[in-house]
Amino acid sequence: MTAKLTDVHSRRFKYRSALILLAAAILGSAVVPILGTSYHISLLFFLFISITLASTYDILAGFTGYLNLGHVVFFGIGAYVFGITMQAGGGTALALALPPLLTVLFSVAIAYPLFRLRGAYFAIATFGILKVMEVLASNLRDLTGGTTGLSIPPTSSTEITFYMAGGLCFAAIILNAWIAHSRLGLGLLATREDEEVAEGSGINTTRIKIYAMALSAILPSLAGATYMWQMTYIDPASAFGSDIAFVPVIMALLGGSGTILGPVIGAIFLTVVEEVLWSHVGYLQLTMYGIVLICVGIFMPGGLMRSSIFARLHARIGLPNHYGYQPYRLFRITRGDSNGRGDHQ
Amino acid sequence: MKNMTQKMLAAVLVSFGIAGVPARAQNVIKIGATAPITGALSSIYSIQGKLWDAWTQAQNEAGGIYVKSLNKKLPIKIIYYDDKSDPKVSVKFYERLISEDKVDFLMGPPGSPIAFAASTVAERYKFPMIHGAASDPQIYSRGFKYIQGVLGPATDWSHYFFEMLGKQGKVKTAALVVEDSLYSRGVAAGVRQLAKKAGIKIVVDQTIPADNQDFTAVTAQIKQANPDLVYVATFPPFYIRFAKQAAELGLKPKAMHCSTCSAVSVRNALGSEAEGITGEVFWVPGMKLGDYKMLERALTISGLDPVQWTFALISIPALEVIRAGIEKAGTLDRKAVYAAIQSNEIPTVMGTFKAVGKGVGTLNPLPMQVHDGKVGVIYPPAAKTADYIYPR
Amino acid sequence: MDIFLQILIGAVLQGALYALGAIGLSLSFGVLKILNLSHGDFLMLGGFLGFLALSYLGINPFLSAMLAALFGCAIGWLFYQSLISRIVGRSFRQMLTTSVMITLGVSLVIEDTTSFLWGGGSTGIPFQLSNVELGGVVFPLLRMTLLTGTILLTIGLHLFLTRTYVGRAVLASSMNPIGAIVVGIDIRFVGMLTFALGIGLAAGTGVFYATLYSIEPFMGLGLTLKYLAIIIVGGMGSLPGALLGGFIIAASESYTTYYIGAQWSPLVAFMILIAALLIRPQGLLGKAET
C-alpha cells in the first residue's frame, strides 16, 4: 500500500473540472444573501465554519496521520482574542489581525513538546491541551469573563460575517489542494507512511509537522473570530467544549480523512442530516447520530469519499486521493505486512 | 463532472426546500422557541416540549385566544426545536423561526447562556422575545429593547427566604457554596446582599467548578467555620454530590439550602438526608394564582410533576403574558402586543407580572422545605402551605 | 493537620475508585489498542442499575455492584462480538480512527437513549452508613467499606492477572500482542475477555460511584477522559499503576481545591497528564514502548 506519486502530480489538465466546480460553489454561495432568507444565511454560515474546521483539521490528520483532537482550540482562541480585543476598544481590524498571529505562535509553542508523542498519546495530549484552555477560560474571569462568557455589542448586518466565513471555507479547501501538490505535502505523506524512513531520506519531519500544525491553525482562528463577530457571545463551553471538539473530527472521518473533498462532504452531510432530520424528529437525535458514526466506522472507515462511487468521481475531477486505496485485510500473523509497520503506536 | 455539479446543486436546493415551508394563512397564532431538550441542561428541561404541547392542547380546548381585530378566537401552535443546550444551535433555530416558520411571537429559550445568545437574534431582527427561565442580570444589562423576561433578576432569587430568616432572627452565620455557572453566580451575588440585610454574616464563600466530584476540602472548611446555614447556589447534580459527602463527613448544619433542588429526583437520591432542606420552587399544586386551572389541565394532560420540573414551568407565565398582550392589544401586530405587555400588570400562575424596565420582570420563586419527603411552600404567609422548621 | 489527613484519606479512596473504573480501559487499550470512549457510559449504566435495584428490589449497593459487574461483562461481550471484532484486524493507524468513531458512536447512543428513557435529572443511590470519628478526623464508614471492597477487588484482580493462566494471558497480551500470538495465545479470545472484563469492572464501579456521588445520563465522556489521564499517568496495562495514577490525580485535585481554589483543580489534573505524556509516556509503572 503506497500513495501513488502519479496521483499527486499527474492530471494537471483535469483540474479544469475541479476549478469549474469550485467557481460554481463560490458563485452559488455568494448569491445566497440576495436570494435566500436569514435562515439560509445562518445555515450556510455555520456550514462554512464547519467546513473550515474540518478541512484544516485534516491538514494534519489526513497528511500526517496525527489526530489533533484538540484542533478547535485554535477556533476558541480566535474567538476569545477577537472578543477581548473588541471589548478593549481595539477596533475590528486589530481584532481580526491578532487571532491568526497569536494562534500560530501558540501552535508552534505547543507543537514542539506535542510532536514527541505518537498515535493515541498524541491525540489524548492534544485533547488535554484543549481542556486546559477551557479551564483557563473559565478561571481567568477578568480577561475572559469566566463561565459567564464574553459579550460584545451586536452588529446589525450578517452579510459581512457570511462572506468572511465563505471566504475562509474556500480558502481552507484551496489550502488543502495546494499542500497536496507541494513539496511540503510530499514530505508530510512520507512522514505518515514511515517516519523513520522519511527522516533517513533527509526530511526534517519535526519541522514539517510543525509547519503543518501552524498552517492548520490560521484559518480556524479566523473562523473563531468570525463566529464571535456574528454571535457576539462566547463562553468556555462554546469555544473549547468537548462536544464541539469532536465535530470537525467526525466530519473529516465521515467524509474521508486524507481526501480534499472528504471533510467538505462530511460537513455538508452532517449539516443536512441535522437540518432535515432533526428539525422534524423530536427525540433520539444523538442516538441516530451515534448509529451513523458506528455504521461508518464499521463499513466505511475510509469515509464517504473512498466508497467506490465517490472515489472515482474524486479522481475524475482531478483531485488527488492522497491516502490511497486501502484494502482492509484481516489481521494476519504469519507475515509482517506493511499495514503493521510504520504505524504510530 | 457537470452531472456531479448539477447533482450537488440539486441536493442542496432540495434540502433547503425540505427544511422549511412557510405557512401563510393566519388562522392560527404561532409561537416559537427552542429548549434544551437534550444536552447539558436536559436534566432540567427535557420535558419542556411535552409541557408546551400540553398547554397548547389545554389552550385550544378553551377555544384559543381571542383576537379583537379578527373578531374571533384563534388556536395557538407552539413551534419548538431542541437546541441541545448549545447557544449556536439555538441562534440558528431562532433565525429559522423568524424567517422560515414565520412565527408571530417568540419565547426565549430556557437556560441563561442559551438565552444570552438567542436574545441577540431578537434584538437584531427587532422581534420581541419573552423570556421565561433566563434571569441572569447580564442578559438584561446590554440595553436590548426587544427582550422581556417574566422573572425578577437572579439576584432576587432568595429574597423571600432571607426576608423570612431576617424576621425569625435565629440564623446568624452562613456558608455560601456557589457552582461556577452563569445562573448560580447571579443568585450568589444576590445572596451576599440579602444575607447582609437580614443580619447574617457569611463566613465561607467558595465558588466551585460545576463538575467537581470531591467536596472533602470544602466540607472541612465549612465544618471549621460552623455556620448556622449552608447555602448552596447550584443545580441538582452538584447539590446531590455535595449533600451526600457533607452528610458522610459529619457536616450537619442547622439549615441547608439549595437554590434549585425541589425535584423528586433529588429527594430520591438523598433519601433521608433530604429532610428539612430548603430551597425555592415556583409553583406547587394548591396555589391559586393566575390561570392555574389551565396549568392544572396541562399538567394532567402531560402527566408531569410540577415540583420536579419547576423550571420548565416558568415558560407558562411567559405564555400567559403573551396571551394577555394579544388580548389587551386586540391584535396580532407584534409592536402593539409588545407595548401592551410592557405597560400592563398581568396576573400569572406565579404571581403578578410587571415589566420594570430593561427587560426585567417581577416573578420570583417561593421558599420551600422538604417535610416527610414532600415539598411545601413556607413563606410568605399569603402563599404558604407548610411551616418552616428550624433547626432541621 | 487534621484537614490534611482528612483530604489524604479522601484522596486514597477517590483514587482507588478511579483506578477500579480505569483499569478496564487500560487493559483493553493494551490488548486491543482500542481507545474505548464509551467506557464511562458503562459506569453510568452500572450506577443506574444499582439505583433501580435499590429502589425497586431493595438490593444494597454492595450486592448490586456485583450484579452490575456481571451485567457489564455480558454487555461488554456483546459489544465486542458485534462491533469491536469487526475492526480488530485492521492496521493500527486505521484502528485508532475507527475505534474513535465506533466508541464515540456507542457513547452517544447510550447517553441519549438513557436520557430519553430515564426522563431526565440526575440521581444517586441513597445509602448511608454512620460514621466513626477518631481524634478529630472523620472516617466515613461508607467510604471505608467501599475502600475495603475496592482493595479486595483489586487484590482479586491482581491475583487473577498473575496467578491464573487466563489472567496471565491477558497481561501478556496487553504488554505485547504480537509476542503473545507467537507463544500461542488466542488473542481473539483474550481480547474479547479483556474487553468484557473491563466493561464489567466499569459497571460495578458505577454502583459505588452512584452511592458516593451523583450520576446523570451525559456524564460518560468526561469521566472517560479523566480515566485516560489516570491510566496514562500510572502506566498502561498495569493495575498498581492505575491505583497510583488514581491516587495522584485524586490527591492533586483535592489539595488544589483546598489550598488554591476549586476552580483550578481540573487544570492540575490535565497538567499532570501532559507532563506525564511528555516526560514518561509509558506512565510511572508501565513498560516502555516496544
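A short reminder: the numbers here are calculations on the coordinates, not readings from a lab. It should be emphasised that the depicted structure is a prediction, and the values quoted were computed from it without experimental measurement. Glycine gets a Cβ as well: all are built from the backbone with ideal geometry, and neighbour counts include every protein chain shown.
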Hz values of 3J(HN,Hα) by residue in region A:129-138 - Karplus curve (6.51, -1.76, 1.60), Gly and Pro given as x
4, 4, 5, 4, 4, 5, 5, 4, 4, 6
For region A:105-120, 3J(HN,Hα) per residue [Karplus equation, 6.51 cos²θ - 1.76 cosθ + 1.60, θ = phi - 60°, Hz, x = Gly/Pro]:
4, 4, 5, 5, 4, 7, 5, 4, x, 5, 6, 7, 9, 10, x, 5
Within the set B:K197/B:K374; B:K197/B:K384; B:K30/B:K50, which residue pairs have Cα atoms separated by over 25 Å?
B:K197/B:K374
Rounded to whole Å and sorted largest first, list the principal axis extents of the Cα atoms in region C:171-256.
46, 27, 18
One finds, for B:K254 and C:T113 with R0 = 60 angstrom and r their Cβ-Cβ distance, a FRET efficiency to the nearest 0.05 of 0.90
Mind pulling up the Rg/Rh value for region B:158-258? Radius of gyration and Kirkwood radius, both on Cα.
0.94
In terms of modelled amide H atoms, which long-range or inter-chain residues lie less than 5 Å from the amide H of B:T348?
B:G290, B:F353
Could you give the distance between the Cα centres of region C:213-290 and region B:322-377, to the whole Å?
48 Å
Can you list, largest first and rounded to whole Å, the semi-axes you get for chain B by taking the square root of 5 times each eigenvalue of its Cα gyration tensor?
39, 24, 19
Using only Cα atoms, find the angle between the long axis of helix C:92-118 and the longest principal axis of chain C, and express it within 0 to 90 degrees, rounded to the nearest 10.
40 degrees
At q = 0.05, 0.06, 0.08 Å⁻¹, the log10 of I(q)/I(0) for the protein assembly as shown from a Debye sum over equal Cα scatterers comes to -0.31, -0.45, -0.81
Kirkwood Rh, Cα atoms: Rg over Rh of region A:5-316
0.96
Calculated FRET efficiency, B:L70 and B:A339, Cβ-Cβ r, R0 25 Å, to nearest 0.05?
0.85
Measure out, as a whole number of angstrom, how far apart the alpha-carbon centroids of region A:149-194 and region B:282-312 sit.
51 Å
Sum -39500 (n - 2.57) across every DSSP H segment of at least 4 residues in chain C, then divide by the residue count to get the 222 nm mean residue ellipticity, nearest 500.
-24500 deg cm²/dmol
Counting other beta carbons within 10 Å of each Cβ, put B:E179, A:E195 in order, fewest first.
A:E195, B:E179
For peptides C:148-158, C:204-214, sequence by mean Cβ density within 10 Å, most packed first
C:204-214, C:148-158
Does anyone have the angle between helix B:48-61 and the longest principal axis of chain B? Alpha-carbon axes, 0 to 90°, nearest 10?
60 degrees
Rounded to whole Å, give me the distance from the Cα center of region A:68-87 to that of region C:96-115.
27 Å
Based on the alpha carbons, how large is the Rg to Rh ratio for region C:2-279 when Rh follows Kirkwood?
0.97
Does region C:10-96 come out rounded, prolate or oblate, given a ≥ b ≥ c as the square roots of the eigenvalues of its C-alpha gyration tensor, rounded meaning a/c under 1.5 and, failing that, prolate meaning a/b above b/c?
oblate
For chain C, give the magnitude of the charge dipole about the Cα centre (Cβ charges: +1 Lys/Arg, -1 Asp/Glu; no others), in debye to the nearest 20.
840 debye
Long-range amide H partners of B:V230, meaning residues 5 or more apart or on another chain whose placed amide H is closer than 5 Å, are B:A175, B:A255, B:M256, B:H257
Counting only residues 5 or more apart in sequence or on a different chain, those whose built amide H sits under 5 Å from that of C:G235 are C:L284, C:L285
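What is the calculated FRET efficiency for B:K201 to B:A382, with r their C-beta to C-beta distance and R₀ = 30 Å, to the nearest 0.05?
0.50
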Compute the acute angle (0 to 90°) between the alpha-carbon long axis of helix B:87-99 and the principal axis of greatest extent of the alpha-carbon atoms of chain B; round to the nearest 10°.
30 degrees
Within chain B, helix-based [θ] at 222 nm, where runs of 4 or more DSSP H residues each add -39,500 (n - 2.57), nearest 500
-12500 deg cm²/dmol
Using Cα positions and a limit of under 14 Å, work out the aspartates and glutamates in reach of B:K126, with same-chain residues fewer than 8 apart set aside.
B:E95, B:D104, B:D333
Scalar couplings 3J(HN,Hα) for region A:197-203 by Karplus 6.51 cos²θ - 1.76 cosθ + 1.60 (θ = phi - 60°), nearest whole Hz, x for Gly and Pro, are 5, 4, 4, x, 7, x, 8
